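Enquirer: I'd like to ask some things about the structure below.
Rule-based calculations on the coordinates, nothing more; no lab input. A quick note: this is a predicted structure, and the numbers were derived from the prediction, not measured. Cβ sites come from the backbone with ideal geometry, for glycine too, and all protein chains shown count toward neighbours.
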Amino acid sequence: MKNSSQVMEELMDYSNVVFRFCLGFVRNPWDAEELMQETYLRALKNIHTLRDMKRKKEWLFRIARNTCLNMVKRRKMYDLRLREMDVQRENPDSPERQMIHSEQHLRFKDSVQNLPTKLKDVFLLKEYGLLTCGEIASALRIKEGTVMSRLNRARETILEHMKEQL
Amino acid sequence: MTKNPKDDASQIADCVKKDTQAAFDILSEKELRIRLEKRMEHELRNRPPQGLFRLKWSWAFAGALTFFLLVTIPLFILKDSAGEHKAHTAIKNFLQGTPGVQSLKEWRELNRMVLSVKREAEPSFIRQMRRSYDQTQREGLTTPSVVLDQTGKDSGGDSDTSEKLGRMIRERSIYRFLSKYSKHFEEEKNG
């Protein structure tokens with residue numbers, strides 16, 4: 001039986017995908033990093049609730065999803081604009097920052113933000129979290145068929161929304 | 001015209017790729033990992049100690065039960081055996097020193113003295129009556145019992161005995177009257 005520190009070390013290997021997943025919920029990488037760290041702190045606090053070691057990845061993503069939903073709801077990312085202004089002040093001409101503030105990027109982000117929660121969960125876990133349909137089904141406790149249908153609906157909705165904004 | 005789902009998926013995958021790429025260009029994977037590890041270490045160092053309330057309910061219950069068995073019950077036993085006596089003597093000592101109790105004691109002594117003086121000051125004829133009554137009672141006990149008629153005379157026995165008995169009855173009624181009177185007198189005098 002592994003102890004909690006060993007399990008945490010194994011979970012740390014998923015930090016990049018957790019960061020990607022959190023990035024889908026917010027508009028900039030700084031907020032995503034904060035959410036990722038919060039996710040790991042919660043995981044550390046609740047490590048004793050992890051029973052099935054084979055499904056630790058799904059368990060971690062479930063925590064990440066709940067953390068993101070709570071944080072976004074609570075804070076409404078009030079400091080988002082301030083941070084963006086800081087970034088522009090620091091180095092407004094860098095290509096990465098130009099990418100973040102490009103029209104197409106903002107349209108895409110808006111479309112993802114406007115998705116219903118059920119579709120957004122599946123979409124972000126698949127596209128940003130790089131989870132398989134089986135893993136998503138396990139993390140969200142739904143059937144694989146439901147995952148696939150929600151994923152298709154999410155993609156269609158995003159594309160429609162993006163076209164509408166053009 | 002039908003939509004090709006593969007095109008949709010690839011279009012979205014492109015957007016996601018650009019988004020994540022831009023984010024990782026700003027915050028590199030290494031930096032992210034290092035900062036995460038630092039924060040985790042900091043949190044682990046500053047973690048508060050696990051109190052009783054953080055334990056599982058079964059452990060908390062077991063702890064409370066052990067405390068009860070080892071501390072509370074022995075305290076109860078000690079109190080039953082020695083505590084009561086100790087408390088009693090402590091209260092007694094405390095009360096003995098108080099002025100109220102002292103004055104009560106003095107008052108009792110004074111009362112006793114007054115009563116004895118009163119008894120001494122009792123009228124001499126009452127005292128004599130009491131003495132003679134006691135004597136006649138003692139004598140009466142030794143003499144045989146006699147049946148008297150309504151006037152107090154012997155229906156047909158020894159004349160000395162009947163006289164004696166008649167005197168006894170009279171003395172007794174006088175004594176009763178006098179003692180009752182003296183009591184009444186004393187009460188009036190005392191108010």
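Enquirer: Per-residue mean of other chain beta-carbon atoms within 10 angstrom of the beta-carbon, peptide A:32-40?
Expert: If you average over the peptide's residues, the count of other-chain Cβ atoms is 3.
Enquirer: Need one value for B:27-33: mean number of C-beta atoms belonging to other chains within 10 Å of its residues' C-beta atoms.
Expert: Shielding by partners across B:27-33 averages 4.
Enquirer: Return the sequence-ordered ³J(HN,Hα) values of the range B:104-114 in whole Hz as given by the Karplus equation 6.51 cos²θ - 1.76 cosθ + 1.60 applied to θ = phi - 60°, using x for Gly and Pro.
Expert: So the J values, rounded to whole Hz, are 4, 4, 4, 4, 5, 4, 4, 4, 4, 4, 4.
Enquirer: What's the average, rounded to a whole number, of partner chain beta-carbon atoms within 10 Å of each residue's beta-carbon in A:15-23?
Expert: Mean partner shielding for this stretch: 4.
Enquirer: Calculate one ³J(HN,Hα) per residue across the range A:138-149 by plugging θ = phi - 60° into the Karplus curve 6.51 cos²θ - 1.76 cosθ + 1.60, and present them in order as whole Hz with x for glycine and proline.
Expert: My calculation for the range A:138-149 gives 5, 5, 9, 6, 10, 7, 5, x, 5, 4, 5, 5 Hz in order.
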